[in-house]
Structures are given as structure tokens and as C-alpha cells.
Amino acid sequence: MFDAKISPVKTRVWRVGDLLGAMSDALQSRFNPVSVQGELSGFTRAASGHCYFTLKDNQGQLRCAMFRRAAGLVNFAPRDGDVVAVRGRLDIYPARGELQLVVESMERAGEGALMAQFMAMKARLEARGWFDPARKKAIPQRPRHLGVVTSLQAAALRDVVTTLQRRLPHVAVTIYPASVQGERAVPELLQALEMAAAEHLQQGLCDTLLLVRGGGSLEDLWAFNDERLAMALTRMPMPVICGVGHETDFSIADFVADLRAPTPTAAAELAGVTQAQELQSLSRVRADLRGGLERALQQAAQRLDRAEHRLSRPGRQVAQQQARWQQAAHRLQNSLTRAHQAHALRLQNLHWRWQQESARGLMPAQQRMEDMATALNAALQRTLQQHSQRLSQLQGRLDALSPQHTLARGYAWLAHSDGRLIASTKQAQPGDQVRAQLSDGELHLQVR
């Protein structure tokens, strides 16, 4: 027999931090990156933007953390009970010594394949020009009739009807019911679009069509990614506003439609100018028209006042013209009188000189006297002729300025019986006795 001693095996003693670090390294090298599918539980979003939750199934659960940068890339609002697929890396949280999954991306379960299909269809239809802005129709701002394609049980319908009643209560609305989810959705949506197009072409209805549905998962909205529906939208005779899902949801119908709205309510808001805006616009137009009319009336009133000022006082004009005529006649009379006096004085002087010459018996002086008398008479005749011509010219000017010519053309001027001029209807009352001066006399009238 051999007597041998068995030495005890020496076991390594780990420090806690070193062991957790070694486990972390083993996880990193063995599993990461890792994709996990499960149901969300205990989902919370901290004030910092980081999200914490648990992924679970019927066999176990795994604590997860998703930091703010990755959380900002999630295109839906995660809720407890959602089945999701996440991608991340396993690690040990040293503060508690717990296994956790640091999530770097999250999507609804099954959306990965659907999203790839969606992106492929989007690229194919875009290459055909179905998304080209040049082929899209403008949305009428003042529609007379609107059509709505959606499910009668959809909450989106209530939102749309409420918004239209508030903003466009004067616009008629027709509902074209159709399923918006499931196997029957696409055929019923196509039938609803066909009915709306037929009524538009035959009866002139449905100036704008609203295609709406509330939010949901990619699977829930998949009917609006159908290529048959997209083709039908490109052939619609009226413009189509598509409001499907939430603001972060996109469908093929959104890209094909003439206008994409972020929500069903927004689609109703984009359907036309509100009644309140129309009333404000009409008020501004009415104010502009009233202001223009008032300015035109003021200008016309000013022109009328100026014309009335010129024409409302014919008596004063007659008096002024008569005064000028009398002054001209007086000046002419004075001129003739002075001319006669001057000629008489010269004749008297010549006669006196003739008497003197005659007394001396000088015959040449008598001859000169006769010559001078002849010259004097000729000068007097010329002077009288010149004054007569001037008098005729003055008489013609006076006649041209005379109010008698105005009266001869059918005008008349009115005065009270006491001679007060009547220049306005406000200066006469029913029963007053007035005189109408005409070209050939007066008429005595009574105001009725």
C-alpha cells in the first residue's frame, strides 16, 4: 500500500466587481448583438428620456433599458401589452448585479418584413411617377360638397364630422362607408371610391374626397398600402385628401393622394376655408365697397356744391352784367358829350375868327374858313363813325353777356313776389307765390 496525501484543490476567490465584469465579457462575446421578441410590461419613460421596461413571455422575463437616443427613433408609442421585437446587447448591471438588455432599436413584432415590403412598393410606385407633385390636383378652398370614405364605426368619422360641423357647417357631406382593416377593407375601399367618382361625374357632387382612418399598427393600416387602392387614387376625378393614422404613420395612400394630412381631424381642417373666415372676408369687402361709395358720393357732392355755387345766383349775375352795361353806356355817353363839346368849341372859335377876318374884308380868310369848316365836318363825321362802331362793339359784347340770351334758350330764374331770389328748393314752401322770369315776360306761379 502506498500512503499518499491528497492536497486540496485551491478555489479562486472572485471579487464581486471582477466576477460581474467577467460575466459581462462572456455575454458580450457569446450573445451580442441579440434580437428578442416579447410582450412589454411595466413600460416607463423617465424625465431624462430613457425608457425602462420588461420583456416577457410564458417562460420568463428580461429587464430592459432603452436610452434616450434609441427611444427617439421608435416610430410608435409603446404600451404595456404590445408584442415587440427589440435588438440590443446583453449586459450585467453592476449596481444590482442583474442581467439586462440594453435596447438599441424597437419595432412591433412582424413589422420588419412588412416594412421591407412597404419600402419596396414605395420605390416601385415612385418610379412610375405616382407620387409626382405635378400630377396632383389642387384642393378647392370653397367646396360645395365633400365626400368622406371611412368605416361607420371608426372614431375617425366622429372626429371628421365634428370638425366639419364646426368649420364648414354650410357644406354638404356624403359618407361612403367601407371597412378600413381586414380582408374586406381593400374591396370595400375600392367600391367606395368608385361610387364617389361616379357621383362626381354624373351629378357634380363631391368637390373633394376625404380618405380617413385612425391610428394603428402597420398591420392595421396595411389596407392603405395596397397597390390596387393606390392605382384607384391616381384615377380619381376629384382631389383626394388622405388622413390615415397618426402624424408619424405613413402609407402608400398618403404619397399617392393629392394632399396628405397628419390625422383625420387635420384632413377635415384642410378641406376648405372656414365659414368664419368667409364671413370676415365678406365683411372686409363690404367695408371696402362702403368706403369707396362714400368717397364717390363725397366727391360728387363737392362737384354739385361748386356747380350750385356757380348757377344758384342768376340774379346777382344779371345785376352785375347790368351794372357793367350801364357803366359802359355812361362812359360812351360822356365820351360823345365831350367830343361834341370840343367840336362845338372849335367851331365857335373858327366862327369867331371868321367874323374877325370878315370884318377886315379879307376874302382869303373866308376861303380858309370854309376849308376849315369842311375839314372840321369831315373830322367830326369820322369821329362819330368811330364812336358809333365802338358803341356797336360794346353793344354786341353786352348782348353776349346779357342774361336775356340764357333765358331765350329755355331757362328761367325764380324769385319770390318780394324779389328774393330762389336758388334752392329749401327756399320755397308749398303755397308760396313766386315769379318765373322768362325771355319774353314773367309767369306768376304757386308752389304745389
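Compute the angle between helix 363-401 and the longest alpha-carbon principal axis of the chain, please, reported from 0 to 90 degrees and rounded to the nearest 10.
The answer is roughly 30 degrees.
Quick one: grab the alpha carbon gyration tensor of region 206-265, order the square roots of its eigenvalues as a ≥ b ≥ c, and give me rounded if a/c is under 1.5, else prolate or oblate depending on whether a/b is larger than b/c. Walk me through the intermediate numbers first.
Details: a/c = 2.28, a/b = 1.34, b/c = 1.70.
Because a/c hits 1.5 or more and a/b fails to exceed b/c, region 206-265 counts as oblate.
Among the aspartates and glutamates, which have Cα under 15 Å from the Cα of Lys122 when same-chain residues fewer than 8 positions away are ignored?
Reachable aspartates and glutamates: Asp132, Asp226, Glu227, Asp249, Asp254.
Of the trypsin sites (Lys or Arg not before Pro) in region 216-306, which ones lie in a loop per DSSP and count no more than 11 other C-beta atoms within 10 Å?
Values: sites: Arg228, Arg235, Arg260, Arg284, Arg286, Arg290, Arg295, Arg303, Arg306; in loops: Arg235.
Counting only loop positions with at most 11 other Cβ atoms within 10 Å, the trypsin sites (Lys or Arg not before Pro) in region 216-306 are Arg235.
With n ≥ 4 as the cut-off for DSSP H runs, can you work out [θ] at 222 nm for the chain, using -39500 (n - 2.57) per run divided by the number of residues, rounded to the nearest 500? Show your work: numbers first, answer last.
Working: 12 runs with 215 residues, N = 448.
After summing the helix terms and dividing by residue count, I get -16000 deg cm²/dmol.
Got a sec? How would Lys136, Lys122 order by Cβ neighbour count within 10 Å, fewest to most? Present the calculation step by step, with values, prior to reporting the outcome.
On the way: Lys136 15, Lys122 18.
Lowest to highest Cβ neighbour count: Lys136, Lys122.
List the trypsin sites (Lys or Arg not before Pro) within region 37-95 that DSSP assigns to loop and that have no more than 16 neighbouring Cβ atoms inside 10 Å.
Counting only loop positions with at most 16 other Cβ atoms within 10 Å, the trypsin sites (Lys or Arg not before Pro) in region 37-95 are Arg79.
Can you give the longest stretch of the chain with no exposed loop site, where a site means GluC sites (Glu not before Pro) in a DSSP loop (not H, G, I, E or B) with at most 11 other C-beta atoms within 10 Å?
Details: sites that count: Glu183, Glu247.
For GluC sites (Glu not before Pro) (loop position, at most 11 other Cβ atoms within 10 Å), the longest site-free span of the chain is 248-448.
What number does the chain give for Rg over Rh if you use C-alpha atoms and the Kirkwood radius? Intermediate results must be reported in sequence, preceding the final value.
Numbers: Rg = 56.7 Å, Rh = 34.6 Å.
Reported Rg/Rh, Kirkwood definition of Rh: 1.64.
For region 119-273, take every pair of Cα atoms, bin their distances at 5 Å starting from 0, and report each bin as a whole percent.
2, 10, 21, 25, 23, 13, 5, 1, 0
Convert 10 °C to kelvin, take the viscosity as 1.306 mPa s, use the Kirkwood radius over C-alpha pairs of region 49-191 as Rh, and evaluate the Stokes-Einstein diffusion coefficient in µm²/s, rounded to a whole number. Spell out each step's value before the answer.
On the way: Rh = 20.0 Å.
The estimated diffusion coefficient comes to 79 µm²/s.
Give me the angle, in degrees from 0 to 90, between the Cα long axis of helix 185-203 and the longest principal axis of the Cα atoms of the chain, rounded to the nearest 10.
Once rounded, the angle reads 20 degrees.
Looking at the chain as a GNM with Cα springs under 10 Å, which of Thr162, Thr150, Thr337 has the largest mean-square fluctuation?
The residue with the greatest mean-square fluctuation here is Thr337.
Taking the 0 to 90 degree range and rounding to the nearest ten, how far is the long axis of helix 314-359 tilted relative to the main principal axis of the chain, both from C-alpha atoms?
The angle comes out near 30 degrees.
Cross-link partners among aspartates and glutamates for Lys137, C-alpha distance below 13 Å, same-chain residues fewer than 8 apart left out?
Hits, sequence-local ones excluded: Asp207, Asp258.
Rule-based calculations on the coordinates, nothing more; no lab input. These numbers were taken from a predicted model, which means no experiment stands behind them. For neighbour counting, all protein chains shown are included, and Cβ atoms are generated from backbone atoms with ideal geometry for every residue, glycine included.
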